[in-house]
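To start, the structure under review is shown below, and the notes come after it.
Throughout, read-outs are computed from the coordinates displayed, never taken from laboratory work. Just so it is clear, the structure is predicted and the values come from calculations on it, not from any experiment. Backbone-built Cβ (ideal geometry, glycine too); neighbour counts: all protein chains shown.
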């Protein structure tokens with residue numbers, strides 16, 4: 001037998017997913033059988049996909065191409081190329097699919113007998129398959145087809161619980177926004193063909209497309225992909241669609257589907273269009289900064305767990321975009337190593353975000369499975385009822401809050417490093433932008449940490465706030481296994497980032513032709529060594545013939561961590577020495593003289609986020625309303641306090657736009673579609689005459 | 001031979017002008033019958049010509065079908081449809097007749113302008129016939145727009161069909177037999193359906209004035 005090559009594995013993976021889709025239909029009568037068969041096949045497909053991408057990344061081959069069949073349609077080629085960039089994203093997809101499919105075996109059991117599981121499994125497998133096609137398509141039209149399949153299938157998955165009004169609304173917003181994005185992409189792809197007469201995704205030379213054409217194409221691609229990424233101000237679908245979808249689907253959507261936008265930007269802008277104007281990079285960077293800061297702010301005030309996570313996804317996409325923007329800027333200044341560093345950071349954060357956000361969505365799915373609520377004001381005390389879920393949730397939360405030694409830290413750390421490395425040389429305006437971005441990133445990090453303290457604290461600690469929460473039980477083993485694998489990977493990726501960086505480095509090299517790996521040498525905590533800045537900086541020449549390199553900045557996380565540990569130890573020591581002896585007392589918390597403590601006396605999520613809400617009230621448009629009932633002002637019988645937060649983007653942009661379009665279309669309907677047969681005939685007649693005239697003129 | 005065709009094509013064009021100038025539905029049908037007879041004559045002349053030259057009966061058969069279908073059967077069908085519809089004196093057109101005629105003259109000029117440069121139809125005599133028959137199509141279309149009542153639309157449709165037939169005939173001197181038969185069958189079907197529809201519209205709206213259909217709009 002021949003050796004198993006990455007091609008075979010990729011074929012195998014695709015066939016396994018196809019088999020999963022058809023098994024779902026085949027066994028759709030028996031829900032249990034259907035779930036198990038289909039998910040097991042998906043798990044096998046994910047394993048094959050992982051093996052395929054890792055094999056390619058380590059084999060040293062540039063790329064592999066498979067063409068399952070020849071398309072007879074002109075200008076269309078259905079062939080898939082797995083190069084290093086695709087392989088990286090395939091790897092991320094496969095790891096996530098592996099865990100989510102394990103999780104789904106247990107999770108879907110609560111749908112058994114109630115819903116069409118066969119349909120769900122079919123859509124689930126096709127969704128994953130469509131993303132594989134997006135990552136491997138080497139032809140713009142084929143890419144677009146896969147992109148659309150992905151959009152439509154994910155829409156059906158979002159509206160799976162379609163009897164709920166809010167789900168249908170979420171689905172509508174999602175499908176409209178995603179097709180808006182697709183429209184921009186389609187325009188860009190058409191322009192691509194207009195200028196080059198080809199749909200092939202090979203880099204174009206600078207003289208093939210004029211400057212203005214490049215700029216327009218860049219903007220179209222940016223809007224198209226940013227819509228999918230949920231970057232502010234194109235984010236409005238994300239906080240609706242993620243909460244509406246079933247837990248495993250939102251995990252896939254947030255974990256990997258929005259990353260297709262990052263892949264698209266890298267493939268179409270960095271790889272295809274190439275690097276020309278610096279303002280492209282600035283635009284990407286600014287979008288990233290806005291998304292990161294506003295995303296986390298909106299996340300912070302949310303009480304719906306899944307909505308909170310959805311906003312947090314926006315924030316993390318912002319961080320990834322910051323990495324991309326910095327990388328692009330560095331490329332325009334021909335600082336390849338800095339660019340490589342920035343892209344490594346962006347891709348690493350992509351990978352990390354997939355792990356922890358996938359894990360978080362799965363855990364929230366588990367909480368929903370056990371308590372049937374997503375509102376954290378109805379939860380509490382879950383750490384006692386669901387200890388395993390709580391531990392994994394905590395791991396993922398620590399990762400997303402960028403706490404050492406979990407993986408979230410590394411991506412953000414490298415992003416900071418790449419920003420700092422770009423600051424060192426460049427013009428003043430650029431430097432100020434970069435410094436402000438770093439500051440915004442710092443603010444984001446702090447708010448994200450606070451946000452997840454809130455999420456974990458309110459829902460897992462304290463006393464249960466509702467009957468469901470009090471009666472929650474631990475979820476089935478397979479669900480915990482799926483979440484657990486992701487949480488463990490978070491820890492491992494944080495402890496041994498070198499492995500992942502080695503893989504990512506190959507993808508980065510294929511894009512920017514430079515590697516950041518040598519300056520990140522080391523393993524385990526050694527990675528957190530200061531980057532050797534002097535290697536990145538141009539030599540500064542002093543008067544005369546003397547040249548010297550500026551000294552590197554010493555900001556080693558290892559040093560910082562040791563310093564922090566020492567500081568804490570010192571503080572403990574001081575407390576021990578001067579604070580007297582340590583005594584343990586066990587008794588009930590003082591309850592202010594009431595009879596007993598009840599859950600309503602706890603700190604609520606709303607209260608927790610109030611200070612931040614006051615500070616940043618310009619972004620929330622909060623309106624408060626206090627209703628008293630009863631005759632006497634001073635002795636009301638009941639009081640009702642409502643707070644409404646409005647997103648300024650929806651209020652001042654989307655809603656007026658929508659109203660304008662509706663109004664305009666209604667007027668146009670009366671103008672064009674009059675209902676008169678004669679007018680319709682006249683349209684045809686005029687069209688014929690114009691065509692005849694055109695024929696004469698040309 | 002070509003001079004006959006020139007004259008016949010001009011007469012067919014004239015008959016469509018005649019159609020536009022009529023005010024009453026009965027005269028529409030009569031004019032359509034005259035136009036169809038002229039087309040049958042054209043086909044007959046060409047059929048005899050091809051019988052003498054090549055010995056083929058195809059075009060003569062087409063001629064016979066035209067006579068049976070367009071001169072006898074369809075006008076009778078139209079009369080019958082007209083008979084089922086309640087008679088109402090109403091102004092049947094949007095613009096007045098002299099203006100309609102002028103617009104039709106403009107359409108002929110436009111057809112001349114746009115068809116005259118088609119490369120494969122080069123040559124003065126052929127060009128003129130094609131221009132005339134092309135104008136018949138445009139006038140037929142315009143007739144459909146200008147008349148309010150549903151029978152006007154049926155007649156307009158038939159005139160467009162006549163125009164297309166004649167255009168094909170003059171530019172190719174006889175299309176393949178199968179194509180002609182196919183077109184005839186399509187046309188009969190269309191006319192039968194339209195006849196039924198007109199009766200239905202009349203039942204529903206108590207008029208065959210298509211303006212009433214505006215109420216159907218959602």
Residue mean of other protein chain beta carbons inside 10 Å, A:674-681: 6
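Length gain on complete extension for the stretch residue A:432 to residue A:492, per 0.36 nm per residue less the alpha carbon to alpha carbon distance?
On the way: separation 60, 0.36 × 60 = 21.60 nm, distance 3.61 nm.
Length gained between residue A:432 and residue A:492: 18.0 nm.
Could you state the orientation-averaged shadow area of the convex hull built on the Cα atoms of the stretch A:623-674, in nm² to one decimal? Display every interim value, and only then the final one.
On the way: hull surface 25.2 nm².
So the mean shadow area of the Cα hull is 6.3 nm².
Convert 25 °C to kelvin, take the viscosity as 0.890 mPa s, use the Kirkwood radius over C-alpha pairs of the protein assembly as shown as Rh, and evaluate the Stokes-Einstein diffusion coefficient in µm²/s, rounded to a whole number.
Working: Rh = 33.2 Å.
Calculated translational D: 74 µm²/s.
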Per DSSP helix of 4 or more residues, -39500 (n - 2.57); summed, then divided by the residues of the protein assembly as shown. What does that give at 222 nm, rounded to the nearest 500? -23000 deg cm²/dmol
Let me know the whole percent of all Cα-Cα pairs from the stretch A:94-195 that are separated by more than 19 Å. 54 percent
Give the residues of the stretch A:601-630 whose amide nitrogen is closer than 17 Å to a point set 7 Å from the Cα of residue A:443 in the direction of its Cβ. A:611-621
Quote the FRET efficiency, to the nearest 0.05, computed for residue A:197 versus residue A:691 with a Förster distance R0 of 25 Å and r equal to the Cβ-Cβ distance. 0.40
Tell me, what does the Kirkwood hydrodynamic radius of the stretch A:362-519 come to in angstroms if you use every pair of distinct C-alpha atoms? 17.9 Å
If one takes the longest principal axis of the Cα atoms in chain B, at what angle in degrees, from 0 to 90 and to the nearest 10, does the Cα axis of helix B:97-115 lie? 40 degrees
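Please tell me the relative contact order of chain A in percent, rounded to the nearest whole number, where contacts are Cα pairs under 8 Å and at least six residues apart. Mind showing how you got there, number by number?
Values: 1108 pairs, mean separation 79.0, N = 698.
11 percent.
Based on the mean of other Cβ atoms within 10 Å per residue, sort peptides A:400-413, A:441-454, B:166-179 so the most packed one is first.
A:400-413, A:441-454, B:166-179
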For residue A:574 and residue A:598, extending 7 Å from Cα along the Cα-Cβ vector and measuring point to point gives, in nm, a value of 4.4 nm
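Exposure proxy check: B:92, B:2, A:631 ranked by fewest other beta carbons within 10 Å? Intermediate values should be presented prior to the final figure.
Numbers: B:92 17, B:2 13, A:631 8.
Listed from fewest to most nearby Cβ atoms, that is A:631, B:2, B:92.
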Pairwise over distinct Cα atoms, reciprocal of the mean inverse distance: report the Kirkwood radius of the stretch B:126-199 in Å, one decimal place. 13.0 Å
Angle between chain B longest axis and helix B:124-146 axis [Cα atoms, degrees, rounded to 10]: 10 degrees
The stretch A:280-404: C-alpha pair distances exceeding 25 Å, %: 33 percent
Report, in degrees rounded to the nearest 10, the 0 to 90 angle that the Cα long axis of helix B:150-172 makes with the longest principal axis of chain B. 10 degrees
Using eta = 0.692 mPa s and T = 37 °C, Stokes-Einstein with Kirkwood Rh from Cα pairs puts D for the stretch A:406-464, in µm² s⁻¹, at 246 µm²/s
Across B:140-149, the residue-averaged tally of Cβ atoms belonging to other chains within 10 Å stands at 3
What is the extension gain from residue A:641 to residue A:661, computed as 0.36 nm multiplied by their sequence separation minus the C-alpha to C-alpha distance, in nm to one decimal? 3.7 nm
Segment residue A:5-residue A:625, length gained on full extension (0.36 nm per residue, minus Cα span): 216.7 nm
Work out, in µm²/s and without decimals, the Stokes-Einstein translational diffusion coefficient of chain B at 37 °C, 0.692 mPa s, Rh from Kirkwood over C-alpha pairs. 182 µm²/s
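Roughly how crowded by other chains is peptide B:104-116, in terms of the mean Cβ count from those chains within 10 Å of each of its Cβ atoms?
On the way: counts 0, 0, 0, 2, 0, 0, 4, 2, 0, 3, 8, 3, 1.
Average per residue, whole number: 2.
Ordered by packing density, taken as the mean number of other Cβ atoms within 10 Å over each peptide's residues, highest first, how do A:108-118, A:283-293, A:224-234, A:596-606 rank? Mind dumping the intermediate values first?
Numbers: A:108-118: 16.6, A:283-293: 23.9, A:224-234: 25.7, A:596-606: 14.5.
So the peptides A:108-118, A:283-293, A:224-234, A:596-606, ranked by packing, come out A:224-234, A:283-293, A:108-118, A:596-606.
Over 20 Å, how big is the tail of the calculated P(r) for the stretch A:1-140, in percent of all Cα pairs? Present the calculation step by step, with values, prior to reporting the outcome.
On the way: 4597 of 9730 pairs.
Counting every Cα pair in the stretch A:1-140, those more than 20 Å apart make up 47 percent.
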Which ordering of A:378, A:334 is given by a fewest-first count of other beta-carbon atoms within 10 Å? A:334, A:378
Put a dot 7 Å past each Cα toward the Cβ at residue B:99 and residue A:67; how far apart are the dots in nm? 6.3 nm
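With the contact rule set at Cα under 8 Å and sequence spacing of 6 or more, what percent relative contact order holds for the stretch B:2-216? Before the final figure, lay out each step's value.
On the way: 230 pairs, mean separation 51.9, N = 215.
It comes to 24 percent, rounded to a whole number.
Ordered by packing density, taken as the mean number of other Cβ atoms within 10 Å over each peptide's residues, highest first, how do A:635-645, A:458-468 rank?
A:458-468, A:635-645
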For the stretch B:41-101 and the stretch A:246-261, write down the distance between their C-alpha centroids in whole Å. 66 Å
Debye log10 I(q)/I(0) for the stretch A:335-398, one point scatterer per Cα, at q = 0.24 Å⁻¹: -0.98
